[in-house]
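A short worksheet on the structure shown next.
None of the figures in this text is laboratory data; all of them are computed from the coordinates on show. This structure is a prediction, so every number in the text was calculated from the model and none was measured. Because the Cβ atoms are built from the backbone with ideal geometry, glycine has one as well, and the counts that use them run over all protein chains shown.
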Amino acid sequence: MSETILSIENLRIHFKTFAGEVQAIRGVNLTLQKGETLALVGESGSGKSVTAKSVMQLLSNNAMVKEGSILFKGENLLEKSEHEMQSVRGKEIAIIFQDPMTSLNPTMKIGRQIAEVIIKHEKASKEEAYKRAEELLELVGIPNPKERMKQYPHQFSGGQRQRIGIARALVMQPDFVIADEPISALDVSIQAQVINMLEDLQRERGLTYLFIAHDLSMVKHISDRIGVMYLGKIVELTDADELYSNPKHPYT
Ligand code: ADP
Ligand code: MG
């Protein structure tokens with residue numbers, strides 16, 4: 001039996017701007033089953049990040065949810081308070097951004113950045129938290145993690161920083177991960193490595209992914225289904241194989 005992890009129904013989001021209201025999301029529907037990867041692709045401004053942020057309730061103050069629901073394991077996230085969302089974020093749903101420099105603190109050693117998340121959410125000892133941080137860094141392929149934990153984000157390459165960002169996102173063992181263009185900022189040679197790592201993690205931990213990218217080539221291998229976004233709507237949603245062999249929408 002498959003279990004529905006996420007179900008977005010008829011979501012409409014506008015933004016208040018100086019120039020009036022912008023219709024960013026114009027009726028988005030999607031569902032995600034446990035263990036599956038749904039990719040959202042589409043040109044810049046089509047509404048991918050707004051969709052991702054709406055799930056995490058991380059939209060800016062000028063956002064207005066006009067209609068719809070976002071059911072996570074059956075509960076409507078749009079009805080949760082900020083306090084309730086704090087125990088969903090990171091613990092149940094993690095988000096990975098394009099640039100890990102925005103999620104990592106540049107002035108804090110990376111071992112501490114990961115250990116602190118563990119200490120904040122659980123009553124783990126400092127020793128135990130650092131031990132787990134080390135294991136996580138090992139898991140995402142940072143060589144010599146014990147030593148490297150003592151370094152700062154700028155002392156790592158872009159690919160390694162994204163791995164660290166992913167390690168930090170997975171600290172609390174969420175089973176649903178939203179990745180908003182996680183490889184777009186990386187060199188092409190590194191992109192495949194990070195994708196492979198995300199796939200390995202998915203197999204090992206039974207993760208469900210909402211994977212956002214701006215073009216199809218990046219999601220070819222990782223996705224089970226692909227939704228193409230255009231002007232705030234999903235204009236095509238099909239099995240990954242189907243979309244490549246038989247695209248229906250002109251944008252695709
Ligand atoms: P992308 O698909 O590139 O991730 P976004 O989801 O970021 O696109 O943006 C979708 C639309 O919503 C765009 O037209 C964008 O200008 C608008 N938008 C996003 N965030 C804001 C905001 N904070 N204020 C006003 N408009 C916004
Ligand atoms: Mg975006």
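Restricting attention to segment 59-146, the count of lysine pairs at 8 or more positions apart or across chains with alpha carbons under 20 Å apart stands at 15.
Near Val65, once Lys and Arg are set to +1 and Asp and Glu to -1 for all other residues with Cβ below 11 Å from its Cβ, the sum equals 0. Quarter the surface of the alpha carbon convex hull of segment 6-54 and you get the mean projected area, 3.8 square nanometres.
For the chain, the longest principal axis of the C-alpha atoms and the axis of helix 158-170 are separated by about 90°.
What FRET efficiency comes out for Ser217 versus Ser81 if R0 is 45 angstrom and r is the Cβ-Cβ distance? Round to the nearest 0.05. Here the calculated transfer efficiency is 0.65. Dipole check for the chain: with +1 at the C-beta of Lys and Arg, -1 at the C-beta of Asp and Glu, and the Cα centre as origin, the magnitude is about 720 Debye. Packing around the peptides 52-60, 88-96, taken as the average count of other Cβ atoms within 10 Å per residue, puts them in this order, highest first: 88-96, 52-60. Dividing the radius of gyration of the alpha carbons in the chain by their Kirkwood radius gives 0.97 for Rg/Rh.
Among bridges DSSP assigns within the chain, what percent are antiparallel (round to 5)? Mind showing how you got there, number by number?
Values: 27 of 46 bridges.
Percent antiparallel among DSSP bridges in the chain is about 60.
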